[in-house]
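J.: The structure's right below; bear with me while I get my questions together.
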Amino acid sequence: MRRAGGQEKLRLKPHPIPSCIPALLIDNLLPHPCFIRVPSVAKEPPILFGIETEYGIARDGVEDLDVVAESIALVRSAMEPGVRMRWDYEAENPHHDDRGWDVPELRQDFDEADYFEQDTHRELTFAEIKSDLALGNGGRFYNDHAHPEYCTPECSALAELVAHDRAGERVVMACAQRLSKARGATVRLYKNNTDFRGHSYGCHENYLLPRALPWERLAAGAQAFLVTRQIFAGAGKFAIEAEDKFVSPHFQIAQRSDFFSELQSVDTMQKRPLINTRDEPHADPRQWRRFHVIIGDANLSPFATRLKVGTTALVLEAILRDAQRAFPQLADPLAALPAISRDPRYRWELKLTNRQHSTALAVQRDYLAAVEELCDLSTPERATLVADWEAVLNDLEADPMRCRDRLDWVAKLALIREFQAAQKLADDDPWLQSLDLEYHRLDFDAGLYFGLEQSGAMRGVPPEAAVQRAMFEPPETTRALIRGKLIQKFSAAVLSAQWDHVTLACGDGELKVSLLEMFAPERIAFVAQAIAVSNSPVELREQLFRATVRQ
């Protein structure tokens, strides 16, 4: 589908204007529409990260479910604070390619044209079909055609990310409960990546990086890591699949590894690439790029989520710190991806470009050594992450079952193999796939993963207080704080929202608050305080304008 398109002085007593706040750029003066942009002066902000998760959806008693309508209804049942159907699609252009050009068309253009034809009978606008909810916690919840999709806000700390990922689960679970009550039948949600019929849906990660590093170095440095990290980041699957078809019932360690056929491309839905080249930073494109990772599985284990995102962020930082370093290079990465996933011996052998034989474990150890050499690991979060990374690699090498308390694929395999042995089921028994699916069910009472967690069998579960807070509050350390607070306080005035801006109705005009360069902690705190003391967008505009005058 094509996208349609006499003032009283206020004082910031608790926060005098920091010296790091340069003059604000204002296109037009006060009562007219204005664009307020606070340029960043952060020396080297941390790599920011976030997760987008598409959920599978089904309803008991309905064989031929209209999953688009069900997904729309589910998203519309959300009651969390936010603004509905005001996401700014005009600011998006997925045709930009990190390799330096624009592609004339994407596979998804054809898919969306097909969706448009399918959706003409719905008598719904594009905005109504998407039903976007920009949330007060800085995240986003919307219908991605046939899947409800939850996007965490951008985070700078792994503990924040894990809490927000779990908060997303809670939001969609609550929606399923409301919709089940309305339907009079149970609506089921699954945090997985396949329907066992050759159709895959995504769990994408995003990493905001400085653009100074040439794309070729970034892609070459990260490729072997992304192909091999499935040994701890995979969610496991009792099926071998190909595009649009089921192949065989054998177990493999990752759900998405059957579905990649290109080394690099800008597409995400067909002919999926190991390295996605979409150049859509949602930040100043002269300074930043968004490294969009589509190769990963959706994890239920918070430990696996933390390890997956945390190690990836550290590897990207290592590449940034030493772009000339010789990182591992795979001889045939497209073949290595499914071969690693399907290896029943868990030796994960592969070949490097120098014809040397190696393993996924050895490649991961090479990246671990680079991180230990190049990255600052002095913070408790990073020190713990690297220790956990090394411990998992050691345990996987000694006996993968040692990781059943941390990694999804091992926990699933151990649980289902025990059931299989007790029931004397054959390896091709369809019950195994049913159990596989139930591992991913988002239901505290029926989901097999949650049964493990509630029994104390899984490590790394975030504190409940952190999850509850993440459902309603944005991270304190990133620009998501500004987006979330603007939505919380001025929801009725929000005209549009995006990752890089929020536009408010302001007097007889508009106020567009840009987040393109909102990275310095002092600046985030300053603007958040300005929002806190302002009772209207007009007062907020005056607060920000006064900051420029006082410089």
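J.: So what is the relative contact order for the range 48-466, in percent, with contacts set as C-alpha pairs under 8 Å and at least six apart?
T.: Numbers: 768 pairs, mean separation 76.0, N = 419.
Reported as a whole number, the value is 18 percent.
J.: While we're on this one: How much FRET efficiency would the formula 1/(1 + (r/R0)^6) give for M401 and E373, where r is the Cβ-Cβ distance and R0 is 45 Å, rounded to 0.05?
T.: On the way: r = 31 Å, r/R0 = 0.70.
Calculated transfer efficiency: 0.90.
J.: How high is the FRET efficiency from Q270 to V533, r the C-beta distance, R0 51 Å, rounded to 0.05?
T.: Numbers: r = 50 Å, r/R0 = 0.98.
Calculated transfer efficiency: 0.55.
J.: Okay, moving on. Note down, for the range 303-448, the three equivalent ellipsoid semi-axes (square root of 5 times each alpha carbon gyration tensor eigenvalue), biggest first, whole angstrom. Could the numbers behind the result be given before it?
T.: Values: eigenvalues 208, 83, 32 Å².
Rounded to whole Å, the semi-axes are 32, 20, 13.
J.: Right, another one. Ignoring solvent entirely, what values of log10 I(q)/I(0) come out of the Debye formula for the chain at 0.07, 0.08, 0.09 Å⁻¹ when each Cα is a single scatterer?
T.: Per q value, in the given order, log10 I(q)/I(0) is -0.40, -0.53, -0.67.
J.: Normalised by the residues of the range 123-186, what does the relative contact order come to in percent, with Cα pairs under 8 Å and at least six apart?
T.: 17 percent
J.: For the chain, what is the mean residue ellipticity at 222 nm derived from helices alone (per DSSP H run of n ≥ 4: -39500 (n - 2.57); sum divided by total residues; nearest 500 deg cm²/dmol)?
T.: Computed ellipticity for the chain at 222 nm equals -12000 deg cm²/dmol.
J.: May I ask you to derive the FRET efficiency for A91 and A426 from their Cβ-Cβ distance with R0 = 45 Å, giving the value to the nearest 0.05?
T.: My answer for the efficiency is 0.30.
J.: Still on this model: On a 21 Å Cα-Cα criterion, which of the cross-link pairs K237/K308; K485/K512; K191/K424; K191/K237; K191/K351 come out too long? Mind dumping the intermediate values first?
T.: On the way: K237/K308 18 Å; K485/K512 14 Å; K191/K424 28 Å; K191/K237 13 Å; K191/K351 33 Å.
The pairs that break the limit, which is 21 Å between Cα atoms, are K191/K424; K191/K351.
J.: If you don't mind, another one. When a footprinting reagent is the concern and you count Cβ atoms within 10 Å, what order do T312, T359 take, fewest first?
T.: Values: T312 23, T359 17.
Exposure proxy ranking, most exposed first: T359, T312.
J.: May I ask you to order 227-234, 269-276, 158-165 by the average number of other C-beta atoms within 10 Å around their residues, highest value first?
T.: Ranking the peptides 227-234, 269-276, 158-165 by packing returns 227-234, 158-165, 269-276.
J.: Ok, one more. Compute the distance in nm between two label points, each set 7 Å from the Cα along the Cα-to-Cβ direction, one at D284 and one at Q356.
T.: 4.1 nm
J.: Need the list of aspartates and glutamates near K245 for cross-linking: C-alpha distance under 14 angstrom, and skip anything on the same chain fewer than eight residues off.
T.: Qualifying aspartates and glutamates at Cα under 14 Å: D195, D258.
J.: So, with +1 on the Cβ of K and R and -1 on the Cβ of D and E, and no other charges, what is the size of the charge dipole of the chain about its Cα centre, to the nearest 20 debye?
T.: Numbers: 65 positive and 82 negative charges, 302 e Å.
Its charge dipole is roughly 1460 debye.
J.: Within 10 Å of each residue's Cβ, count the other Cβ atoms and sort Y55, Y89, Y190 from fewest upward.
T.: With the sparsest Cβ surroundings first, the list reads Y89, Y190, Y55.
J.: A further question on this structure: So for Y142, Y150, fewest C-beta neighbours within 10 Å to most, what's the order?
T.: Fewest-to-most Cβ neighbours within 10 Å comes out as Y142, Y150.
J.: Where in the range 287-310 does the label zone of E390 land, with the point 7 angstrom along Cα→C-beta and an amide N cut-off under 19 Å?
T.: Within reach of a label on E390: 307-308, 310.
Quick note: the coordinates plus some simple rules give every number you see, no bench work behind them. Worth saying up front: this structure is predicted, and the values here are computed from it rather than measured. Don't worry about glycine lacking a Cβ; one is built from the backbone with ideal geometry, like all the others, and counts go over all protein chains shown.
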